[in-house]
Amino acid sequence: MLPMMDSHSNSSFRLILANRLARYGLLLAALLLALLLASPGLLRGLVRADQFMPHATCYLRNPRIIALHVTSDLLIGFAYVAISSTLGWLVYRSRREIPFHWMFLAFGLFIITCGFTHFMEVWTVWQAVYWLAGWVKVVCAIASVATAIALYRLVPRILALISAIKISEERRVKLQTVNNELEAFAYTVSHDLRAPLRAVQGMACALTEDFGSRLEPGAREYLAQITDASRRMDVMIRDLLEYSRVSRSEFELKSVDLDVVMAEAKAMIEADSKQSSADVRVEGPLSNVVANPTLLTQVMVNLLGNAIKFVPPGVRPMVRVFAQDKGNHLRLSVKDNGIGIPPEYQGRIFHVFERLHSQSKYPGTGIGLAIVQKAVARMKGELGLESAPGQGSCFWIELPKA
Ligand code: ADP
């Protein structure tokens, strides 16, 4: 009894069959071609031209009709060779990503053998090598039939792939819309939260100034906590607004001088840097990249600020900034001698409000790296991190060279 097959295993079976057909057809056709080329005796027999008359005789040696046929056949032949070479190159370059790549190769062989039949047409105008022309056609026939059957078997899979692509594109658009709405919502909320917060801060300040001396020490302590918490909330809202601005504003990408950006970023962290006696070294000269100067400065300020901040107590922060050539891109790294980040947290720290330490140990809002990630994405760059606890961290960004 035949085993029952569900639709999934049925289509997998079809796919395997189509792949096999394409593969075996390809092998058989290639084998025949190799046999023809490698066996001189066989080839000599095939290129015997004394049994028949060449096509030029049928064309009555009319130069115009000969030119018409020869030119067309040559053009078709070369175009076929070019098409199949391109397919072969495509499969070679992206064989991991291209689905059904055997099908592409089978197509390539089918097209190239079709090309050869046209070259044979040119040859047989002057020499009647019809046996060879016939065998080239046999190879072409095998490749064509194998490709045709394999393609037919693949049709359901290709259709399924197309509908999967359509669905994922629809999902992407929906997600993008929801994301945009969320960002707009976050912006409005944080913007509107600022006004009442300012009122709380103002009132707490007024209370301290006007009645502070008359309050009991316990009440003064509560008031100090209100002031401190509202100040922290203000910083968080400001950072959240900054994150929204990076997400929503239009930014022009242009050639940016990294030396200028680094000088500006260093100047912006100067106060923190002095306070912790940090040694920040930029190994220049750095070249130009395609980026947005404002976003890039913001990225570097955040990365440098973190590199200085997250060091064990009593350790002098040592930060190195250097560039590496990565072909079309430039990798800019910020390496520190800080506390490092455990591998299990390295993905999470780029989320908004994600922090690994208490405020008292290392103050912050947990938005800096989210801004870095968003800004790098908006500049069409890449972002990465190499770090281990106790061994420092190296954050890098990659941007296209200008
Ligand atoms: P914040 O600096 O305000 O805490 P970030 O978003 O910049 O927020 O960073 C998120 C978390 O990632 C930090 O709280 C810290 O735990 C970790 N982190 C970031 N940079 C470094 C670094 N250079 N070394 C060690 N930990 C880091």
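The values are calculated or read from the model by the stated rules, or taken from the named source; none is laboratory data. Because the structure is predicted, anything quoted here is derived from the model rather than measured. Neighbour counts are summed over all protein chains in view; Cβ atoms, including those assigned to glycine, are modelled from backbone coordinates with ideal geometry. Ligands, DNA and RNA are stripped out before the accessible areas are found, and what is left, the full protein with its side chains, is counted by its heavy atoms. Shrake-Rupley method; radii C 1.70, N 1.55, O 1.52, S 1.80 Å.
Data for the structure
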| quantity | calculated |
| --- | --- |
| Selection count, the stretch 166-198, where residues are open to solvent by less than 70 Å² (accessible area, probe 1.4 Å) and over 24 Å from F353 (Cβ atoms) | 1 |
| Scope the stretch 76-99; condition touching a helix residue (DSSP H, G or I) at 6+ places or on another chain (Cβ under 6 Å) and not aliphatic (A, V, I, L, M); matching residues | G77, Y80, S84, G88, R95 |
| Pair list, Cβ < 7 Å and 6+ apart or interchain, from the stretch 163-189 residues that are under 24 Å from D239 (Cα atoms) to residues that are among the charged types (D, E, K, R) and open to solvent by 80 Å² or more (accessible area, probe 1.4 Å) | E183/R248; Y187/R248 |
| Filtered residues of the stretch 319-339 (kept if more than 6 Å from the ligand (Cβ to nearest atom) and more than 21 Å from V261 (Cβ to Cβ)) | G327, N337 |
| Every residue from the stretch 384-402 that is in contact (Cβ under 8 Å) with a residue 24 or more places away in the chain, more than 11 Å from the ligand (Cβ to nearest atom) and not β-branched (V, I, T) | W396, E398, L399, P400, K401, A402 |
| Among (1) open to solvent by 20 Å² or more (accessible area, probe 1.4 Å); (2) under 30 Å from N62 (Cβ atoms), the one test that G77 misses | (1) |
| The stretch 347-381 - residue that is in contact (Cβ under 8 Å) with a residue 40 or more places away in the chain and more than 10 Å from the ligand (Cβ to nearest atom) and, of those, surrounded by the fewest Cβ atoms within 10 Å (Cβ to Cβ) | K380 |
| Answer residue from the stretch 267-287, given it is among the small types (G, A, S) and loosely packed, with under 12 Cβ neighbours inside 10 Å and is nearest to I308 (Cα to Cα) among those | S277 |
| Residues of the stretch 99-118 satisfying the condition of being aromatic (F, W, Y) and not in a helix (DSSP H, G or I) | F100 |
| Subset of the stretch 293-305 that is touching a strand residue (DSSP E or B) at 6+ places or on another chain (Cβ under 8 Å) and crowded, with 21+ Cβ neighbours inside 10 Å - its residue that is nearest to F251 (Cα to Cα) | L296 |
| Filtered residue count, the stretch 309-318, keeping only those that are open to solvent by less than 70 Å² (accessible area, probe 1.4 Å), touching a strand residue (DSSP E or B) at 6+ places or on another chain (Cβ under 8 Å) and more than 9 Å from the ligand (Cβ to nearest atom) | 1 |
